[in-house]
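Written out below as structure tokens is the structure these notes cover.
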Amino acid sequence: MVDRWTSADTPVLVVGAGPVGLSAAILLARLGVKALVVERHASTTNHPKSRAVLTRTMEILRPWGVEGDLRAQALPPGAFRFIWIESLAGREIGRVEPPNRDVPGPNSPNTICMVAQDAFEAQLRRHAETYREIELSFATELIALDQDEQGVSVRLRNRHSRELKTVRASYVIAADGASSRVREALSVAMLGPGELDHNINIHFRAELAPWVRTRPAVGYISSVGNGTLLWAHGTDRWLILRAFDPARGERPEHFTPQRCLELARAAVGMPDLPVELINIAFWTRTAQVAQRFQVGRVFLAGDAAHRFPPTGGFGANTGIQDVHNLAWKLAAVVRGWAHPRLLETYDEERRPIAQANTDFSVTNGHRWAAAQQAILSGDEAAVASALKEQVKHLDSEGQDLGFCYASGALVSDGTRGAITRNSQVYVPCAVPGARAPHVWLRPVKPSAAAGAPRLSTLDLFERQFVLLSGPRDEFWRSAAQAAAQDLGIPLSVYAIGPGGDFESHGDDWTQLYELDALGAVLVRPDGHVAWRARGPSNHAVALLRQGLAAASGRQT
Ligand SMILES: Cc1cc2nc3c(=O)[nH]c(=O)nc-3n(C[C@H](O)[C@H](O)[C@H](O)COP(=O)(O)OP(=O)(O)OC[C@H]3O[C@@H](n4cnc5c(N)ncnc54)[C@H](O)[C@@H]3O)c2cc1C
């Protein structure tokens with residue numbers, strides 16, 4: 001398989017077919033760029049560690065048309081809560097639940113999907129296989145890489161035949177997980193605590209429908225030290241997450257299959273429960289972000305770039321957002337309409353977000369521990385107050401949607417914006433760097449949206465820059481077209497309002513985007529605002545040229 005890849009054929013080589021590597025390949029393919037994905041295992045994972053696919057990630061997946069298939073494999077609606085219990089069959093201590101996230105709210109056309117990582121990866125793989133631009137090479141391990149000014153030479157080994165190959169790629173995305181060999185080969189340091197504690201995941205099959213039907217929850221936390229029971233699939237596939245302490249003599253080999261079965265029965269509270277052990281996994285909780293996300297032509301993404309506690313469910317989500325930021329930039333450089341300098345903004349934009357999500361996840365871990373301590377203390381008021389705090393763990397729309405980039409590819413409009421620092425509350429904001437807010441639109445001209453009855457502003461952003469302005473705009477539309485043509489940058493222009501291409505369906509888009517009727521906003525292919533003019537200008541062409549030049553890395 002690898003044989004037919006030559007350097008000219010491999011613009012981007014992706015290491016790792018986890019959620020981040022597969023998403024990277026799909027994002028590139030949708031932009032017309034070929035990607036070779038190498039994965040050392042024979043298939044995607046068989047272990048359901050992550051479940052929360054957050055709203056922003058569902059927005060990224062939205063144009064791929066996979067949501068229906070994911071929902072069919074997801075936990076049912078109405079389960080998005082944590083319950084503290086003595087055991088699944090035993091006494092309930094308390095519960096936390098965020099506002100209803102089963103139906104889209106005003107801020108997004110999408111909602112969280114609780115689908116286990118093994119099902120999620122398998123779905124991404126099936127979807128990746130539908131693109132002719134993607135070559136998936138399983139049982140293929142990266143063993144070394146070396147780069148020069150023209151490209152990257154990647155040494156690969158087939159794990160069945162042991163055959164060695166060298167593939168030449170223009171760029172490499174290292175999505176090879178928390179113990180990234182690529183990161184190690186590039187000597188990129190990880191900053192932050194590297195060993196918070198040690199954990200085992202026990203993945204087992206047992207029919208728990210009678211209990212889960214009466215009190216559905218995505219997680220049941222044992223108040224008596226039997227770990228956290230996470231609902232994975234159907235009513236019969238579960239995961240126990242449990243810390244162990246090597247300093248007190250506990251070692252991975254102590255978790256024999258027999259002991260794992262006993263731990264599963266103890267968590268459920270049924271000593272005779274029929275249980276089948278599926279697999280186990282050991283992992284170390286860390287809170288680290290790589291010192292840099294780019295070394296020459298190689299980019300770290302996902303757990304290779306940041307590894308942090310799962311409390312909050314941001315790990316894979318942050319990684320998918322990394323490659324969403326990176327893919328369009330790589331595609332633009334490969335296709336020749338952006339300067340390679342644009343690639344430097346990947347680190348500039350994503351590393352602070354990775355750090356913010358690391359800090360958020362660590363704080364959630366502290367909240368988790370505080371709840372456990374309160375329960376052990378037996379003080380009912382302390383328990384109630386600690387559990388109330390836990391809602392921040394599940395209710396994180398501000399953290400998920402409210403992040404704002406800062407880099408040389410963004411042109412400030414002089415405002416600082418109202419980007420919230422509240423992890424629970426997202427305040428729509430169109431400051432350059434922010435995710436362009438969602439507004440429902442109704443097509444005015446039938447040709448504008450291929451017959452869609454209503455669509456989100458988010459549906460306009462994927463393959464090119466987009467200029468949004470009002471229908472009375474006489475400046476920005478023609479200025480943007482002239483500037484884009486001059487710079488050779490793909491651009492679509494839409495007028496929103498009576499007589500335009502779309503009308504706002506519900507919220508007034510100019511209010512959310514903080515524009516007057518003659519303002520305009522330029523949005524990047526990843527749906528983040530690149531440039532904004534809140535009103536008209538006599539220098540429209542020059543301003544838009546400046547915006548597009550910065551956004552494509554052409555500004556000196
Ligand atoms: C208990 C638990 C619960 C979690 N819950 C959530 C959650 O709800 N939401 C969330 O977003 N995240 C969650 N996470 C985190 C999430 O699982 C990770 O962040 C995610 O797996 C990272 O994806 P990745 O693609 O970067 O890396 P990985 O999933 O680790 O994939 C890396 C891939 O690279 C391959 N690879 C490694 N080295 C090589 C090599 N040399 N050559 C070829 N291939 C290689 C590996 O085999 C692997 O398939 C959770 C984690 C745990 C442990």
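Please treat every number below as a calculation from the coordinates, not as lab data. Values in this document were obtained by computation on a predicted structure and should not be read as measured data. Counting neighbours? That spans all protein chains shown, and the Cβs are built from the backbone with ideal geometry, glycine included.
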inquiry  = Can you bin every Cα-Cα distance in the stretch 284-328 into 5 Å intervals starting at zero and give me the percent of pairs per bin, rounded to whole numbers?
reply    = 6, 21, 30, 26, 11, 6, 1
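Note down the relative contact order for the stretch 148-258 as a percent, whole number, built from C-alpha pairs under 8 angstrom at least six residues apart. Don't skip to the answer; put the middle values down first.
Working: 119 pairs, mean separation 21.3, N = 111.
Here the relative contact order equals 19 percent.
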Environment charge of Lys329, counting only residues whose C-beta is closer than 12 Å and scoring Lys/Arg +1, Asp/Glu -1 = -2
query = Leaving out same-chain residues fewer than 8 places away, which aspartates and glutamates sit with a Cα under 18 Å from that of Lys388?
reply = Glu92, Glu97, Asp379, Glu380, Glu397
inquiry  = Checking understanding here: applying a Kyte-Doolittle mean of at least -0.5 and a length along the axis of at least 18 Å (C-alpha), which whole DSSP H helices in the chain pass?
reply    = 315-334
Calculated SAXS-style log₁₀ I(q)/I(0) at q = 0.10, 0.23 Å⁻¹ - the stretch 1-93, Debye, Cα scatterers = -0.43, -1.29
ask   = In 5 Å bins starting at 0, how do the alpha-carbon pair distances of the stretch 56-104 split up by percent?
value = 5, 15, 18, 21, 15, 11, 8, 6, 2
key: Cα-based Rg of the stretch 402-551 normalised by 2.2 N^0.38 Å, two decimals   = 0.97
key: For the chain: relative contact order, % (alpha-carbon pairs under 8 angstrom, 6 or more apart)   = 14 percent
ask   = What is the distance, in nm, between label points placed 7 Å from the Cα along the Cα-to-Cβ direction at Ala72 and at Ala369?
value = 4.4 nm
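In whole angstrom, how long is each semi-axis of the equivalent ellipsoid of the stretch 474-556, when you take the square root of 5 times every eigenvalue of its Cα gyration tensor and sort them from largest down?
Values: eigenvalues 97, 36, 29 Å².
Each semi-axis is √(5λ); the values are 22, 13, 12 Å.
Mind pulling the per residue volume of the convex hull built on the Cα atoms of the stretch 34-171? Å³ is fine.
Details: hull volume 25.1 nm³, N = 138.
It comes to 182 Å³ per residue, whole-number rounded.
Can you tell me the equivalent ellipsoid semi-axes for the chain? Use √(5λ) from the Cα gyration tensor, largest first, whole Å.
On the way: eigenvalues 335, 175, 82 Å².
The answer is 41, 30, 20 Å, longest axis first.
Highest mean first, what order results for 484-497, 116-129, 517-530 on Cβ atoms within 10 Å? Could the numbers behind the result be given before it?
On the way: 484-497: 17.7, 116-129: 21.0, 517-530: 23.7.
Put in order of decreasing packing, that is 517-530, 116-129, 484-497.
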request  = Choose one of Pro309, Ala42, Trp283: the residue whose Cα lies farthest towards the positive end of the charge dipole of the chain (beta-carbon charges +1 Lys, Arg; -1 Asp, Glu; about the Cα centre).
outcome  = Ala42
task = Distance between Cα centroids, the stretch 39-97 to the stretch 309-345: provide it in whole Å.
result = 24 Å
task = Quick one, can you get me the convex hull of the C-alpha atoms of the stretch 268-357 expressed as volume per residue in Å³?
result = 136 Å³
